[in-house]
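Have a look at the structure below before the remarks.
The values are calculated or read from the model by the stated rules, or taken from the named source; none is laboratory data. Because the structure is predicted, anything quoted here is derived from the model rather than measured. Every residue, glycine among them, receives a Cβ derived from its backbone with ideal geometry; neighbour counts consider all protein chains shown. Protein only, heavy atoms only, side chains kept; ligands, DNA and RNA dropped before computing areas. Shrake-Rupley method; radii C 1.70, N 1.55, O 1.52, S 1.80 Å.
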Amino acid sequence: MSFFQINQPRVISELIDGEVIILNFDKGVYYSLNDSGILVWQAIQNKYTPSMILTTLKNYYHGANTE
């Protein structure tokens, strides 16, 4: 089973006021995620497979056509 992995401790994140802030210490940059980005990031943290992430997004958006 393959899944994405967060490069900890070089990359950390925190959910603050409805957005995820991600800090990459190696590159000295930060990212801000909201909405679907939060769903994907939380799925990665929970070691979802790529197909599980896709299912999560489809379920969240009520099976919206992605083609």
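Just to be sure before I move on: is VAL20 surrounded by 10 or more Cβ atoms within 10 Å (Cβ to Cβ) and either of a type in the set (Ser, Thr, Tyr) or assigned to a strand (DSSP E or B) (or both) in the structure I sent? Reasoning before the result, please.
Values: surrounded by 10 or more Cβ atoms within 10 Å (Cβ to Cβ): yes; either of a type in the set (Ser, Thr, Tyr) or assigned to a strand (DSSP E or B) (or both): yes.
So VAL20 fits the description; yes.
So, in the range 23-41, of the ones that are assigned to a strand (DSSP E or B) and over 24 Å from TYR61 (Cα atoms), which residue ends up least open to solvent (accessible area, probe 1.4 Å)?
Let us first name the residues in the range 23-41 that are assigned to a strand (DSSP E or B), namely 23-24, 29-33.
Imposing the further condition that a residue be over 24 Å from TYR61 (Cα atoms) reduces the set to 23-24, 29-30.
Values: LEU23: 64, ASN24: 28, VAL29: 56, TYR30: 157 Å².
In this case the residue turns out to be ASN24.
Limited to the range 42-55, what total is found for residues that are part of a helix (DSSP H, G or I) and open to solvent by less than 40 Å² (accessible area, probe 1.4 Å)?
Summing the residues that are part of a helix (DSSP H, G or I) and open to solvent by less than 40 Å² (accessible area, probe 1.4 Å) in the range 42-55 gives 3.
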